[in-house]
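*Asks:* Take this structure, written in structure tokens, and hold onto it; I'll ask about it next.
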Amino acid sequence: MHPEQTYSGLTMKGQIRTKQRCPACNGRFQEGKKGFSCPFCSTIPTRYFVDIYFGRRVKIYKDQSGQILDSFDRAHRLLTHIRWEIDNRRFNPDKYIRAKYEPYFMENFARKWLREQELRQRSEEISYSTLFKQKRIIENFIIGYFGRDDVRQIGTRGVKDFNTHLSSLKVKADKGMSPKYRQDIIGVLRQMFNDALEAEDINRAQLPVFPTIEVPQTGFEVLEEEEQDEILEKIPDYDRPIYHFIITYGVRPSEVRAVKRDAVIGDFDRIIIRRTFSRNNRLRENPKEGKWRTISLLDDTREILRALPASMTGFIFVNSWGRPYSQSYLNDTWNSACSKAGYRYIPLYHGSRHSLGTKLANEGFGKEIIATVLGHSNTKTTERYARYASDSLKPFYQRKKAKKATVHKLSPNKESTT
């Protein structure tokens, strides 16, 4: 059995062999139509290897899972798989040599990277939700596709084929994977390769070029101040202070929940946003963007906060049981108030943070100012509010309308002179 395949200018010759001899007569096994056997004793080997020449001679004794080639059928399946890898330009004989190359197999390399990410999460360099997303993506998509591919050999073509594979997947109800989720998956793969380059596990020539995935713009609900006030009126009196703070300053609910007394400057003159609650409700010592920021409080806010009962836990905003608010409680109470005020479902994040960003854009504030208020580390995140800044564009539309009216008015005079 001598299949030949050409790949990148090389010709691969492969053959199934065995080093064993017949245990009965010590004769050599001979290959027939159904595999190897002793022509005199009808015994068959229990160990095989695939002998290939692909620029150099390589003997493969185990398949990719580490299973010994203990039957002719198993060896034949491996040889068939190697043919498939050659046809798809994914064949690398080195990855079948376990001791030297096993750490670079994607399934091992990615899990090692995840262990490093777990250490980063414990030291609060990344959030629990980020680690959770990375684990899900690596186990469900990256390892499942690349398996035992050598990360040093994947290259730009391999990443491009992976992106095409993701585009073809059906996720829910025969619907394809969303561009946003595909962007997240490629983003995790990119981060892993960049970390590998920084750690000198790969060189720059082995760093793939990653595709740019266009994600359709998504909208959000925006509430005017009067609408926010109507909803606030429907929130229980005891809970109203935390919603007042979230709406007035556009701080993320997870960060407002985490405000403690040591973050207060003076007699509630300013508050430092220095902590947040993670997805698994753990208190983190850094906010989402990783940098502390200070908020100067308005007079009415100071009066509200001064009147709050002292908490034994040190948190400024606590529920009626004296514990920090949970995200689910905040969402449920907000949704109930929206319903009582006669509004359709509007997420708390949209009705507070997004609404403030849009209001500031409408009032003509630049994206740098808005980014500072909302705590964005990258002003690109802030640019989306400009799409909703309709009020700031009114002078432009009025100018266009006036210009059009002038042209229409002059047209009859021009026709009368001809």
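*Asks:* Rounded if a/c is under 1.5, else prolate if a/b beats b/c, else oblate: with a ≥ b ≥ c from the C-alpha gyration tensor eigenvalues square-rooted, which is segment 225-391?
*Replies:* Working: a/c = 1.56, a/b = 1.16, b/c = 1.34.
Note, shape of segment 225-391 comes out oblate.
*Asks:* Further question: Taking the convex hull of the alpha carbon atoms in segment 4-96, what volume per residue do you get, in Å³?
*Replies:* On the way: hull volume 8.4 nm³, N = 93.
Spread over its residues, the Cα hull of segment 4-96 gives 91 Å³ apiece.
*Asks:* Considering the dipole of segment 225-391 built from charges on the beta carbon (Lys and Arg +1, Asp and Glu -1) around the Cα centre, which of S254, I235, H350 is farthest to its positive end?
*Replies:* Checked the options; the winner is S254.
*Asks:* Just want to confirm a number: the relative contact order over segment 4-96, from Cα pairs under 8 angstrom separated by 6+ residues, in percent. Intermediate results must be reported in sequence, preceding the final value.
*Replies:* Working: 139 pairs, mean separation 24.4, N = 93.
In percent, rounded to a whole number, it is 26.
*Asks:* Loop only per DSSP, at most 13 neighbouring Cβ atoms within 10 Å: give me the trypsin sites (Lys or Arg not before Pro) in segment 13-74, ordered by residue number.
*Replies:* In loop regions of segment 13-74 (DSSP not H, G, I, E or B), the sparsely surrounded trypsin sites (Lys or Arg not before Pro) are K19, K33, K34, R47, R56.
*Asks:* Same structure, new question: Going through the cross-link list K260/K359; K135/K180; K13/K62, which pairs have a Cα-Cα distance over 23 Å in this structure?
*Replies:* Violating the 23 Å limit, Cα to Cα: K260/K359.
*Asks:* Can you check what the net charge comes to around P208, using other residues whose Cβ is under 9 Å from the Cβ of P208 (Lys, Arg +1; Asp, Glu -1)?
*Replies:* Numbers: positive: R157, K160, R190; negative: none.
The answer is +3.
*Asks:* How much net charge surrounds R302 when only other residues with a Cβ under 11 Å from its Cβ are counted (Lys, Arg +1; Asp, Glu -1)? Let's see the in-between values first.
*Replies:* Working: positive: R270, R306; negative: D267, D269, D299, D300, E303.
Taking every other residue near R302 into account, the sum is -3.
*Asks:* Give me the distance between the Cα centres of segment 287-308 and segment 207-263, rounded to whole Å.
*Replies:* The two parts, judged by their Cα centres, are 14 Å apart.
*Asks:* Let me ask something else. Run through every distinct alpha carbon pair of segment 101-206 and return the Kirkwood hydrodynamic radius in angstroms, one decimal place. Numbers along the way, then the final one.
*Replies:* On the way: mean 1/r = 0.0694 Å⁻¹.
About 14.4 Å, per the Kirkwood formula over Cα pairs.
*Asks:* Using the crude model of +1 on Lys and Arg Cβ and -1 on Asp and Glu Cβ, and no other charge, please compute the dipole size for segment 101-206 relative to its Cα centre, in debye to 20. Don't skip to the answer; put the middle values down first.
*Replies:* Working: 19 positive and 16 negative charges, 108 e Å.
Taking the Cα centre of segment 101-206 as origin, the dipole is about 520 debye.
*Asks:* For segment 236-388, what is the charge dipole size about the Cα centre, in debye to the nearest 20, if Lys and Arg each add +1 at the Cβ and Asp and Glu each add -1 at the Cβ?
*Replies:* On the way: 25 positive and 15 negative charges, 128 e Å.
I would put it at about 620 debye.
Bear in mind that the values in this text are calculations on the coordinates, not laboratory data. Note that the coordinates shown come from a computational prediction; the quantities given were computed from them, not determined experimentally. So basically every Cβ, Gly included, is an ideal-geometry build from the backbone, and we count neighbours across all protein chains shown.
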